[in-house]
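The values are calculated or read from the model by the stated rules, or taken from the named source; none is laboratory data. Values in this document were obtained by computation on a predicted structure and should not be read as measured data. Note that we place each Cβ from the backbone using ideal geometry, even for glycine, and neighbour counts take in every protein chain shown.
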C-alpha cells in the first residue's frame, strides 16, 4: 500500500529530522494527513495484488514503528472516511484495553 493525497488533508508529515534510513526502517516519505488535534487520518491506496489478497483472505495487517507500545489506531476500508458516521471513541477503547 502507498499513502495517497486526499482533499481533506491538512498537512503532510515527514520523517523526523534525525532519521537515518537503515535495514529495518528505510527511507520515510511524506504522509498526507487530516488532523483534528486529537487524531490524524491518512488514506492508503492498495495495489491490485493487495486488493485481491484482502478480498481472498479478509485481512489487513497494521505495523506501527513505535517501539514497545502501540498507540490507539483505527483501520477502515471504505471509499470515503469523511461522512456522517460516529467517530471511533478512543477513550472507551482505551478503557476496555487490558
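Figures for the structure shown
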item	result
Scope the stretch 6-18; condition exposed (fewer than 11 other Cβ atoms within 10 Å of the Cβ) and within 14 Å of residue 29 (Cβ to Cβ); matching residues	16
Single condition residue 56 does not satisfy, out of (1) more than 24 Å from residue 89 (Cα to Cα); (2) in a loop (DSSP other than H, G, I, E, B); (3) out of contact with any strand residue (DSSP E or B) (no Cβ under 9 Å at 6 or more places or on another chain)	(2)
Residue tally, condition surrounded by 10 or more Cβ atoms within 10 Å (Cβ to Cβ), more than 18 Å from residue 34 (Cβ to Cβ) and either modelled with pLDDT of 80 or more or under 12 Å from the mean Cα position of the chain (by Cα) (or both), over the stretch 48-86	6
Residue ID - modelled with the highest pLDDT, chosen from residues in the stretch 13-47 that are farther than 16 Å from residue 82 by Cβ and assigned to a strand (DSSP E or B)	45
